[in-house]
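**Q** Dropping a structure here in structure tokens format, bear with me for questions.
Quick note: the coordinates plus some simple rules give every number you see, no bench work behind them. All values derive from a computational prediction rather than experimental measurement. Glycine also receives a Cβ, built like all others from the backbone with ideal geometry; neighbour counts cover every protein chain displayed.
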Amino acid sequence: MERALLVTVKLKTKDDNWPVEDIAEELEQLATTSGVEIVDNITCLCQKITPNLFIGKGKSEEISFICKEYNIDTVIFSCDLSGTQQRNLEEIIGKKTIDRTQLILDIFALHAKSPEGKMQVELAQLQYLMPRLVGKGIILSRLGGGIGTRGPGEQKLEVDRRRIKKRIEKLKSELKHLRLHRLTLRKARKRNAIPQVALVGYTNAGKSTLLNALTRAEQRVENSLFTTLDPLAKTLKLPNGEEVVILDTVGFLNDLPHHLIEAFKATLEEVAESDLIIHVLDVSHPRLYEHSKAVFAVLKDLNVETKPTITALNKIDRINNPAWLEKVARDFINPVFISARFNQNLDLLCKYIQKNFESKMSSQVFVVPHTRMDLINLFYKKGKVEEIEYLPKNIKVKVNLPKPLSYKLLQNKDIQIKE
């Protein structure tokens, strides 16, 4: 196991609400998820960025001393470093130096299981690597792998720009085909009048636990960051009989690098095409409001921040202060307090989802012949049968169906409509 020193950098000129302690804590969570042994986490308050090292030379030499003293293998910075800064820091420190983006990519490489997920990770890795090829330091001179160098894109890191560009083009082309395949699936869902609901939220907010609780999916759940990388879609039947597709997505993070969002556009497009967003928030987290702000920053990048939204305030089992919940409820869109782990208020969440689609449902009375039992099965599967009467020559059914499907059935010659 690699021994890592974490360096949390806080710029005094940067206008944000994140204290250095919280930045350090999140960096520790990321490092733990990647599987390194954290030896220490030191902080560095900078007045301004230095072009050659990002931090001051004195701090760099201090880090070098700590690395020698405690036999450190890798130094991980909480900020993004340029190729030049990374190379210069490695020359002073004498150890492999990686930044926050490389750490996130390493976690993505660990958790990508599907071919699409692996391609997206490799694309992000290569796009990160491209501007850092010239004069790269220790990290590119090693063929031994390890944190920051493993994953689908590690075959040979000393490759020339031409080969990397060709590989990037190939990956983009393959992801484009996958995007077209997803588009075909979405069109099929729309033809069948199946609404789509996307679960979004800060990483480790409980999206996968909620998906499992609602649909009995078997999505892997861990108390770590970015456990879910590959999207998973499952069907949920609402109390009124309507079916919706619930889609789990990759978790978001504060200051999520833009090129990572670009690399995962094929997956995140599912959010853009959804009819409803469920924003899952960990209501017990002290940075609840900052997490919400970070999620909406990504949604804004995807141009979906104005979509109909329900805020699922999760993990209420950890809250013992009703006054705090009352305050939080006033600050979010369509709030529903839930505990996905203990199945609390999930029926209320389903009613909120149902209410969003009620205007898209239609109640009709159909009369169908006995020879069309397939239509009766369709009524039960796609809607909610309110009354059914078996007559000598036909079957009379009162059913609540999605409007597009109801309109489609009105064109069927085998069906009679009762006013």
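**Q** Within a 10 angstrom radius of the beta carbon, how do 370, 279, 285, 291 rank from fewest other beta carbons to most?
**A** 370, 285, 291, 279
**Q** Let me spell out the model: positive unit charges on the Cβ of Lys and Arg, negative unit charges on the Cβ of Asp and Glu, origin at the Cα centre of the range 3-103. What dipole size does that give, in debye rounded to 20?
**A** 420
**Q** For the chain, with only Lys/Arg (+1) and Asp/Glu (-1) charged at the beta-carbon, what is the dipole magnitude about the Cα centre, in debye rounded to 20?
**A** The calculation lands at about 1820 debye.
**Q** Same structure again: Determine the distance separating the Cα centre of the range 82-105 from the Cα centre of the range 337-366; give it in Å without decimals.
**A** 49
**Q** Something else now. For the chain, what does -39500 (n - 2.57) per DSSP helix run (n ≥ 4), summed and divided by total residues, give at 222 nm, in deg cm²/dmol to the nearest 500?
**A** When only DSSP H runs of four or more count, the value is -13000 deg cm²/dmol.
**Q** Normalised radius of gyration for the chain, please: alpha carbon Rg relative to 2.2 N^0.38 Å, two decimal places. Please report the intermediate quantities before stating the final value.
**A** Working: Rg = 25.8 Å, N = 419, 2.2 N^0.38 = 21.8 Å.
The value comes to 1.18.
**Q** Compute the convex hull volume of the Cα atoms of the range 269-419, divide it by the residue count, and report the result per residue in Å³ as a whole number.
**A** Details: hull volume 23.3 nm³, N = 151.
Hull volume normalised by residue count: 155 Å³.
**Q** Sorted from fewest to most neighbouring beta carbons within 10 Å, what does the list 99, 347 look like?
**A** Ordered by Cβ neighbours within 10 Å, fewest first: 347, 99.
**Q** Something else about it: Taking the Cα atoms only, what angle lies between the long axis of helix 57-70 and the longest principal axis of the chain, rounded to 10 degrees?
**A** The helix 57-70 is inclined about 90 degrees to the chain.
**Q** Can you tell me what share of the DSSP beta bridges in the chain is antiparallel? A percent to the nearest 5 is fine.
**A** If we restrict to bridges inside the chain, about 45 percent are antiparallel.
**Q** Check the range 361-418 and count each lysine pair with an alpha-carbon distance under 20 angstrom, considering only pairs eight or more places apart or from different chains.
**A** The number of close lysine pairs in the range 361-418 is 26.
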